[in-house]
Protein chains: 2
Amino acid sequence: MSALLSSTPRKDGFYMPGEFEPHDGCWMIWPERPDNWRLGAKPAQKAFAEVASVISRFENVTMCVSAQQFRNARHLLPPQVRVVEMSNNDSWMRDCGPTFVIDKNGNVRGVDWEFNAWGGLEDGLYFPWDMDAQIAQKVLEIERIDRYKASNFVLEGGSIHVDGEGTLITTEECLLNPNRNPHLSKEEIENHLIEYLNVEKIIWLGKGVYNDETNGHVDNLCCFIRPGVIALTWTDDTNDPQYEISSDAYRRLATSTDAQGRKFEIHKIHQPGPIYLTKEESQGVDEVEGTLPRQEGDRMAASYVNFYLANGAAIVPTFNLPTDAPALHTLQQLMPERQVIGIYAREILLGGGNIHCITQQQPKPHKG
Amino acid sequence: MSALLSSTPRKDGFYMPGEFEPHDGCWMIWPERPDNWRLGAKPAQKAFAEVASVISRFENVTMCVSAQQFRNARHLLPPQVRVVEMSNNDSWMRDCGPTFVIDKNGNVRGVDWEFNAWGGLEDGLYFPWDMDAQIAQKVLEIERIDRYKASNFVLEGGSIHVDGEGTLITTEECLLNPNRNPHLSKEEIENHLIEYLNVEKIIWLGKGVYNDETNGHVDNLCCFIRPGVIALTWTDDTNDPQYEISSDAYRRLATSTDAQGRKFEIHKIHQPGPIYLTKEESQGVDEVEGTLPRQEGDRMAASYVNFYLANGAAIVPTFNLPTDAPALHTLQQLMPERQVIGIYAREILLGGGNIHCITQQQPKPHKG
């Protein structure tokens with residue numbers, strides 16, 4: 001009951017709306033693999049449950065859970081969170097889930113990208129990823145939403161941000177990485193984005209957050225608060241490798257205009273930390289061949305802009321650091337129409353991402 | 001998103017409607033276990049796909065499929081059938097699925113019975129049945145339908161039929177079998193049925209169809225065409241053990257009245273066969289300890305009344321036998337308002353049941 005469409009969203013008048021637009025709900029995947037999440041994923045499950053619980057105060061939440069964890073997840077989640085069985089290799093719904101597109105007539109469809117676990121057999125973070133690769137289709141089946149399959153085009157949802165008015169932001173580090181689509185030129189990659197997301201203008205940033213294992217997903221570096229307004233992770237420490245990365249992004253954004261011809265209003269959000277993996281944290285993770293190891297002293301790609309915009313709220317990762325309060329304060333000033341809520345998210349960060357990476361919004365299509 | 005209710009349907013004004021009332025859709029489970037379905041379940045999958053395909057011409061169909069079979073099922077089913085991942089031990093949605101109940105205000109809820117694979121550790125047909133036991137809850141989660149848990153009460157949906165006007169029919173062979181609820185008296189069992197299905201009168205038949213491995217499910221013996229009208233499987237062969245069973249059922253029905261005080265109109269549908277398992281069929285099934293074996297010469301519990309009523313249709317099992325045409329003819333005369341469609345169903349019968357056993361209707365609640 002999710003028909004496979006042979007066209008593209010652009011040809012059919014469908015486009016990806018901004019995350020700040022109204023949602024029907026939010027999709028997540030329950031964490032469990034002990035070679036990525038410490039202590040049998042119990043601390044991560046607690047954090048995911050809190051994220052789901054908070055988002056469910058603002059919109060529908062569906063948690064996708066393996067058969068093995070179904071009862072445990074159902075037990076740990078509040079009743080208003082829907083729990084559905086779905087096999088997975090890990091819990092990054094932003095990246096393996098569908099990208100929803102809408103049209104002006106109140107219809108919604110989904111884009112099912114190719115997924116290769118952030119780099120395939122060479123650089124991928126684990127093997128296999130066969131169950132993750134089916135998540136998008138399974139989500140769309142449950143919702144009876146028709147599906148575009150972007151065949152031969154590897155993309156993760158976290159590697160793009162759109163303003164819903166024709167502009168897309170991404171990074172060269174990720175989208176031009178030979179571990180994603182080595183068979184495509186930059187222009188061909190742009191054409192895929194234009195066809196499947198129905199955007200008019202693509203803004204290329206350079207690198208993502210320092211040491212980000214996703215090869216620099218844009219959603220950890222910056223995001224749209226609304227069309228024309230961007231939050232960018234920042235540091236004033238010129239000795240930190242993040243300084244050059246954020247400065248370069250700032251320069252590129254400051255000298256660009258969006259699809260509507262507007263200059264960007266850019267707000268710097270000072271990064272937390274740097275934050276490093278502790279020995280205890282490292283020792284809680286199973287050592288498994290083929291999975292990215294979690295080693296003591298690893299610098300983690302922590303960022304406040306990895307937040308999720310729910311209906312009427314922004315759910316922001318915090319780290320019990322002095323940088324938390326200013327970040328939340330700035331974001332609340334930027335979004336007076338939303339309730340800005342911080343959630344302590346170090347346990348999510350330990351797995352390689354944060355709140356934006358573990359969520360995927362399903363937009364509520366609106367007419368006219 | 002399926003709240004667990006602490007009340008009962010009767011207390012809340014919910015009741016089970018007749019199968020002949022309007023449906024929102026139909027639920028099924030994809031067959032796959034090679035120790036029950038011959039030749040790796042490929043012939044059964046073809047038959048299930050045909051049943052799903054035909055029903056989907058009349059109402060929504062959702063097929064629940066294990067992760068291993070997801071792509072294969074999606075490939076073999078028509079696009080209008082929704083496919084969702086759901087672990088299972090076998091494919092009898094009638095028996096392990098939820099029983100839906102409705103109220104007069106347009107609301108729907110589900111009853112989640114205890115399931116013990118038709119007899120538990122002593123007489124059950126396979127072990128384990130842990131995944132089947134979660135099917136009802138998972139279906140209700142997907143639909144965001146609240147759930148009554150009938151704790152400590154084992155029941156399969158195929159062991160009861162209701163007319164939606166206060167009458168329930170069942171068999172002593174099944175519901176009073178010590179392999180189901182040995183801790184409950186007959187009166188306590190009746191009280192559970194009254195509380196969870198909100199019926200007023202329970203009519204007890206004796207045995208189900210001869211050699212039925214479900215311990216005599218009523219849905220293989222007889223069913224409601226509409227309130228007051230019953231189809232009963234029959235044979236005129238006094239040497240067939242089915243003769244005494246059907247005669248006894250006829251006598252009990254003929255001397256009963258329903259909850260509204262009506263006498264029953266009883267229509268005999270002559271059984272097919274007898275039908276026996278062939279050597280070739282037996283050899284196609286894996287021998288596994290703990291699973292009921294399928295042996296050459298086994299008499300199968302074939303019956304035409306094991307049909308499914310979809311919106312505007314009746315989907316009836318056929319067996320390529322001379323008895324098919326008269327059975328279809330009689331049923332069409334009894335249901336002029338429905339399209340009566342026969343589907344060759346020997347492959348379903350080989351697994352131990354038929355079209356009614358593999359389907360479960362989700363009613364469309366109506367107001368007033």
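No value in this document is a laboratory result; all are computed from the given coordinates. Just so it is clear, the structure is predicted and the values come from calculations on it, not from any experiment. For neighbour counting, all protein chains shown are included, and Cβ atoms are generated from backbone atoms with ideal geometry for every residue, glycine included.
Values for this structure:
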{"quantity": "Antiparallel %, DSSP beta bridges [both residues in region B:59-143], to 5", "calculated": "45"}
{"quantity": "Packing-based exposure ordering (other Cβ within 10 Å, fewest first) of B:Tyr276, A:Tyr196, A:Tyr126", "calculated": "B:Tyr276, A:Tyr126, A:Tyr196"}
{"quantity": "Share, in percent, of DSSP beta bridges within chain A that are antiparallel, nearest 5", "calculated": "40"}
{"quantity": "Eligible lysines near A:Lys279 by straight Cα distance, threshold 22 Å, same-chain separation 8 or greater", "calculated": "A:Lys42, A:Lys46"}
{"quantity": "Two-decimal ratio, the protein assembly as shown, of alpha-carbon radius of gyration to 2.2 N^0.38 Å", "calculated": "1.07"}
{"quantity": "Cβ-derived FRET efficiency at R0 41 Å, A:His75 paired with A:Ala254, nearest 0.05", "calculated": "0.25"}
{"quantity": "Cross-link partners of B:Lys207 among lysines (Cα-Cα below 26 Å; sequence separation of 8 or more within a chain)", "calculated": "B:Lys186, B:Lys263, B:Lys268"}
{"quantity": "Cβ-based exposure ranking for B:Arg262, B:Arg294, in which fewest neighbours within 10 Å come first", "calculated": "B:Arg262, B:Arg294"}
{"quantity": "Packing-based exposure ordering (other Cβ within 10 Å, fewest first) of B:Asp212, B:Asp248", "calculated": "B:Asp248, B:Asp212"}
{"quantity": "Teacher prompt: A:Glu200 distances to equivalent labels in other copies, 7 Å Cα→Cβ, nm", "calculated": "6.8"}
{"quantity": "C-alpha center-to-center spacing [region B:298-320, region B:152-188] in angstrom", "calculated": "22"}
{"quantity": "Projected-area average for region B:4-363 over all orientations - Cα convex hull basis, square nanometres", "calculated": "16.3"}
{"quantity": "Separation between Cα centres of region A:39-63 and region A:76-137, rounded to whole Å", "calculated": "16"}
{"quantity": "Segment B:Asp24-B:Lys11, extension gain: residue separation times 0.36 nm, minus the distance between their alpha carbons", "calculated": "2.3 nm"}
{"quantity": "Beta bridges per DSSP with both ends in the protein assembly as shown, % antiparallel, nearest 5", "calculated": "40"}
{"quantity": "Residue (of A:Gly25, B:Ile142, B:Tyr344) at the positive-pole extreme of the protein assembly as shown, dipole from beta-carbon charges", "calculated": "A:Gly25"}
{"quantity": "Other-copy label distances relative to B:Thr238, 7 angstrom Cα-Cβ extension, nm", "calculated": "11.0"}
{"quantity": "Coarse-grained scattering of region A:1-133 at q = 0.09 Å⁻¹, given as base-10 log I(q)/I(0) from a Debye sum over alpha-carbon atoms", "calculated": "-0.31"}
{"quantity": "Value of [θ]222 nm, deg cm²/dmol, for chain B, DSSP H segments ≥ 4, -39500 (n - 2.57) each, nearest 500", "calculated": "-6500 deg cm²/dmol"}
